[in-house]
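Structure first, commentary second.
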Amino acid sequence: MVTNSTPVAYLEVKAPEALAPGVYDAELKSIELVQGQFGPRMRWLFDIDGFTVSAWTTTNTSAKSRAIEYGEAILGRKLGPKERIPVDELTGAGCRLTLSIGENAYNRVDEITTSPQRVVPSSTTDQLPF
C-alpha cells in the first residue's frame, strides 16, 4: 500500500541569545540611522568576541544626550563646544560595555565606558557627529 505522507511542520520559538551580565571589552562596529515609530534613532552595534550587541539612542546631540555620552565614552574624552566627530572616527574603536539582561531576554547596554587603550585627539572636521 502506498501512502502520500505530508511532512509535519513545526514551529519553534528561538531562544534569545545573550551574554551573561557583566563588563565586556567591545568594539564599535557601526552606527546605523534607523527610522523608528517615533522618528529616527541611532542603533549602535558592538562586537564582543564575535557576538553582536546593540544599543539605541535618539538622534539628539545636545550636550546631555545619550548619543553624546556614548560618543565621549568611546573617544575617551569630552567633546568641546560645537566640536564634531565623524562616525568613522568612532567605528572600530574599543570600549567597555556593562551588560544586563533586558525584559525581552536579550542583552541591554547599561553603560559604555572608555577602553583603557582608547583616547582620540580633538577633531575640527565639518561633518556631523553622527
Within segment 55-70, identify whether any single residue is exposed (fewer than 11 other Cβ atoms within 10 Å of the Cβ), of a type outside the set (D, E, K, R) and touching a Leu at 6+ places or on another chain (Cβ under 9 Å), and answer yes or no. yes
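Provide a single number: the residues in segment 60-78 that are among the basic types (Lys, Arg) and in contact (Cβ under 8 Å) with a residue 24 or more places away in the chain. Break it down stepwise before answering.
Initially, segment 60-78 is screened for residues among the basic types (Lys, Arg), giving 64, 66, 77-78.
This time we only want the ones that are in contact (Cβ under 8 Å) with a residue 24 or more places away in the chain, so: 77.
Of the residues in that region, 1 qualify.
Based on what the data block shows, is Glu32 acidic (Asp, Glu) and modelled with pLDDT of 90 or more?
Values: acidic (Asp, Glu): yes; modelled with pLDDT of 90 or more: yes.
Spelling it out, Glu32 is indeed acidic (Asp, Glu) and modelled with pLDDT of 90 or more.
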Within segment 102-130, residues of a type in the set (A, V, I, L, M) and modelled with pLDDT of 95 or more come out as Val109, Ile112
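To keep it simple, each residue is scored yes or no on (1) without any contact (Cβ under 8 Å) to a residue 60 or more places away in the chain; (2) in contact with a Cys (Cβ under 9 Å, 6 or more places away or on another chain); (3) closer than 21 Å to Asn104 by Cβ.
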| position | (1), (2), (3) |
| --- | --- |
| Val8 | yes, no, no |
| Pro21 | no, no, yes |
| Glu27 | no, yes, no |
| Glu32 | yes, no, yes |
| Met42 | no, no, yes |
| Phe51 | yes, no, yes |
| Thr58 | yes, no, yes |
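Would you be able to say whether some residue in segment 38-59 is in a loop (DSSP other than H, G, I, E, B), within 16 Å of the chain's Cα centre (by Cα) and farther than 24 Å from Ala18 by Cβ?
Keep residues of segment 38-59 that are in a loop (DSSP other than H, G, I, E, B), which gives 38, 49-50, 59.
Now restrict to residues that are within 16 Å of the chain's Cα centre (by Cα): 49-50, 59.
Cutting the leftovers down to farther than 24 Å from Ala18 by Cβ gives us 59.
Yes; the residues of segment 38-59 include at least one that is in a loop (DSSP other than H, G, I, E, B), within 16 Å of the chain's Cα centre (by Cα) and farther than 24 Å from Ala18 by Cβ.
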What are the pairs, 6+ residues apart or on separate chains, where a residue within segment 92-107 that is closer than 17 Å to Glu17 by Cα and free of Cβ contacts under 8 Å to residues at least 24 places away in the same chain has its Cβ under 7 Å from a residue that is of a type in the set (Lys, Arg) and surrounded by 16 or more Cβ atoms within 10 Å (Cβ to Cβ)? Gly102/Arg108
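The values are calculated or read from the model by the stated rules, or taken from the named source; none is laboratory data. Note that this is a predicted model, so its numbers are computed, not measured. All Cβ positions, glycine included, derive from the backbone under ideal geometry; neighbour counts span all protein chains shown.
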